[in-house]
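The values are calculated or read from the model by the stated rules, or taken from the named source; none is laboratory data. Quick caveat, the model's predicted, so the values are computed rather than measured. Positions of Cβ are backbone-derived with ideal geometry, glycine not excepted, and every protein chain shown enters the neighbour counts.
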Amino acid sequence: MAVIRKAVEQDAAAIARIYIDSWRSTYAGLLPDNLLLNMSGADHESRWWRAMIARGRGRLFYTVAEDAEAGVVGFGSAGPSRDPRLKYAGEVYTLYLRDDFHNGGLGRRLFISLGERCAEAHGSSLVVWVLKGNPARYFYETLGGKLVARRPTRLGGADIEELAFAWEDVSELIALGRSGRV
């Protein structure tokens with residue numbers, strides 16, 4: 001069973017690899033091929049994840065799922081909600097697992113862990129944004145997230161739509177996670 005723990009700077013290479021692989025497998029057909037093909041593991045590790053983890057104190061959280069044999073197999077990040085138009089206190093920014101670790105409950109554990117950290121630091125409501133067409137929307141709906149907003153955005157030259165799923169009281173999600181019913 002994988003352990004959920006706080007990310008450290010040494011996890012940046014594994015996080016960058018999972019991030020890029022997940023984008024390429026999840027967003028193929030949703031985002032332009034050139035955007036996905038031009039993602040660089042070295043750039044994401046050194047310029048992005050290592051710096052973000054180093055700054056992730058207090059209000060921002062970076063968490064990994066670590067398997068005893070496979071090492072870091074998933075990660076997530078969270079903090080205060082970034083959209084002032086929405087009334088939710090916390091936001092899960094990222095949640096990615098290696099493809100071979102999907103559908104085993106690890107994503108659920110990781111998400112609930114991030115929700116719990118947000119609730120402690122920011123308040124009991126939570127939001128997550130996903131690209132329209134991303135199958136993860138069903139994951140969030142299964143966990144009780146309600147579709148509360150839509151917004152247009154542009155990535156890699158493509159016009160896309162993002163969907164916001166929210167929980168008014170994340171303590172209910174945390175309780176379900178502890179009970180093993182989700």
Residues satisfying the stated conditions in the stretch 63-121, i.e. under 18 Å from A164 (Cα atoms), at pLDDT 95 or above and acidic (D, E): E91
Residue in the stretch 30-42 that is surrounded by fewer than 17 Cβ atoms within 10 Å (Cβ to Cβ) and either assigned to a strand (DSSP E or B) or within 13 Å of the chain's Cα centre (by Cα) (or both) present: no
Any hit, the stretch 28-43, residues being touching a helix residue (DSSP H, G or I) at 6+ places or on another chain (Cβ under 7 Å), modelled with pLDDT under 90 and not polar (S, T, N, Q): yes
Residue match in the stretch 4-15 (condition: exposed (fewer than 13 other Cβ atoms within 10 Å of the Cβ), polar (S, T, N, Q) and either within 25 Å of A158 (Cβ to Cβ) or modelled with pLDDT of 95 or more (or both)): no
Criterion (over 21 Å from A12 (Cβ atoms) and under 11 Å from the mean Cα position of the chain (by Cα)) met by exactly one of G90, G115, G107, G74: G115
Residue check for A121: touching a strand residue (DSSP E or B) at 6+ places or on another chain (Cβ under 9 Å) and not β-branched (V, I, T): yes
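State all residues of the stretch 1-29 that are of a type in the set (S, T, N, Q) and over 14 Å from the mean Cα position of the chain (by Cα); if no residue qualifies, say none. If you could, list the steps in order and put the result at the bottom.
Keep residues of the stretch 1-29 that are of a type in the set (S, T, N, Q), which gives 10, 22, 25-26.
Correct list: Q10, S25.
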Elements of type helices (runs of 4 or more DSSP H) contained in the stretch 47-156, each with 2 or more residues being buried (at least 21 other Cβ atoms within 10 Å of the Cβ): 106-122
Selection within the stretch 157-170 - surrounded by 15 or more Cβ atoms within 10 Å (Cβ to Cβ) and under 14 Å from S125 (Cα atoms): A164, F165, A166, W167, V170
